[in-house]
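Working notes, beginning with the structure itself.
No lab work stands behind these numbers, since they all come straight from the coordinates. Quick caveat: nothing in here was measured; it's all calculated off a predicted structure. Don't worry about glycine lacking a Cβ; one is built from the backbone with ideal geometry, like all the others, and counts go over all protein chains shown.
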Amino acid sequence: MIKKRAKMQPGPAEREAMRAEEVMEVLRGRSHRPACALRLSQGPVTVFDSHIGGLPYCPRKGEPPVGEDGRQLRLMVQINFAQMPDMPPFPKRGILQFFLPDHDWGMKGYRGMEHWTEQKNWRVLYHPEIDPSVTEDEVQRKVTVEPAVAEEGRERRLVSSVFLHNWAYKLHFEPVLQEGITVDDFRFWPQFLEIWRSRFSEPPPVQFWPEREREPGKPLPMDFIRADEVWKKLNSDGRGQPSKLGGFPAFPKDDPRAVLPECAGGECPWDTVLFQMISPVRDVERQFQWHSPLRFGEGGWATFLMREEDLLRRDFSWVGYYWQDNSDAAYFKELCGEEWRPSARLAFSAI
């Protein structure tokens, strides 16, 4: 007679992870926000479509924006809200555009958290009304930035600090989902601890996904391995949708809002993800195809945040722009010179 193997009982580490799983479920239910994830395709686009790169919609009496030095900025992303699922408090119509400098290789328009709302070398524009008579030819005549990739004979030369390719990508919108607070949000950990202590007598972990002490030459105990499987899934689910509008922001390192005086005490008026782009982005037509049209340093993410009250007023003059990657201070010194020093509020983008 073959005896069935008894199911392994969870050890202390796995039980801790299972309690964290329960806490995360409660936290998601408390802090959900609508989010709309983005996908890409290489389908043709017009100046009226939602797309990355390409030509911007430009009103007949308007001009593409310029930076502080008078040089024209390049369209990074354009959102036509009529093509997006209805998701209050976002508009139902109109075109939203994000412009960045081509020539600012080191910082891509970002100048630290002290200046993250100053739209001097980047710009967010909203056109509430769209003139359907605008043609691609007349927009093309207004655009002075050269193609992202210059071709000279057989040589291809990248001339954009943001784009990796020369073509435009069409943006597609996923159905709206409810997203809980991300593990990267600076408000996450205090809320996590509050729920844990209200439900369990056992002490909480010292950090999200605790580090395991490992003896040299010895494998991790099975209890740690099983616990880390739970933590890995919690961490993946807790990052939220990558490229999106709405929801909660995610960051490669730390939440930059934590250094803002107005976010002291766990409250933060900068609570709305206007737009977040993480490269690469999945192709909507091919499940295993990904595209990397944009770059922000080494594996960087770009995030545009604003206050919900401003979004409801359709006032896009007070948006915060921030990008972050996995590089360290040495990267910025190489770009800006040895005299470069991060201030206390810039440090989150450089360390």
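Each of Ser236 and Thr135 was given a label point 7 Å from its Cα along the Cα-to-Cβ line. The distance between the two points is 5.1 nm. With a cut-off of 9 Å between beta carbons, the residues surrounding Gln324 carry a summed charge of -1, where Lys and Arg count +1 and Asp and Glu -1.
Our helix-only sum for the chain, with -39,500 (n - 2.57) per DSSP H run of n ≥ 4 divided by its residues, gives a mean residue ellipticity at 222 nm of -6000 deg cm²/dmol.
Per residue, the convex hull spanned by the Cα atoms of the range 119-226 measures out at 337 cubic angstrom. A simple count of charges around Leu73, restricted to other residues whose Cβ falls under 9 Å of its Cβ and scoring Lys, Arg +1 and Asp, Glu -1, yields +2. Listing Glu174, Glu229 from fewest to most neighbouring C-beta atoms within 10 Å gives Glu229, Glu174. Per-residue extension of 0.36 nm, minus the Cα-Cα distance of Gln178 and Gln9, leaves a gain of 57.4 nm for this segment. Assuming R0 = 22 Å, can you tell me the calculated FRET efficiency for the pair Trp167 and Arg93, based on Cβ-Cβ distance, to the nearest 0.05? Given R0 = 22 Å and the Cβ-Cβ separation, E is 0.25. Let's test the formula: R0 of 51 Å, r as the Cβ-Cβ distance of Glu68 and Lys218. What FRET efficiency results, to the nearest 0.05? So, using R0 = 51 Å, E works out to roughly 0.30. Cβ crowding within 10 Å ranks Lys170, Lys120 as Lys120, Lys170, fewest other Cβ atoms first. The GNM of the chain, with springs linking C-alpha atoms under 10 angstrom apart, assigns the highest mean-square fluctuation among Glu267, Glu155, Glu25 to Glu155.
Considering only alpha-carbon pairs that sit under 8 angstrom and 6 or more positions apart, the relative contact order computed for the chain is 22 percent.
Full extension of the chain between Glu25 and Tyr126 gives 32.7 nm of extra length, using 0.36 nm per residue less the Cα-Cα distance. Under the simplified labelling scheme, the Ser201-Ala264 pair shows an inter-label distance of 3.9 nm, with each label point 7 Å from Cα along Cα→Cβ. Our note on the geometry: Cα centres of the range 224-292 and the range 23-49, 11 Å apart.
With 0.36 nm allotted per residue and the present C-alpha distance subtracted, the Lys142-Glu211 stretch has 19.4 nm of extension available. Computed over the chain with a Gaussian network model linking Cα atoms closer than 10 Å, the most mobile of Ser243, Ser133, Ser50 is Ser133. The C-alpha radius of gyration of the range 58-176, expressed as a fraction of 2.2 N^0.38 Å, stands at 1.17.
Using 26 Å as the Cα-Cα cut-off, could you pick out the over-long pairs in Lys142/Lys244; Lys120/Lys142; Lys218/Lys253? Those over the limit are Lys142/Lys244; Lys218/Lys253. Mind checking which of Gly112, Gly54, Gly94 has the largest fluctuation in a GNM of the chain, springs on alpha carbons under 10 Å? So, out of Gly112, Gly54, Gly94, the one fluctuating most is Gly94.
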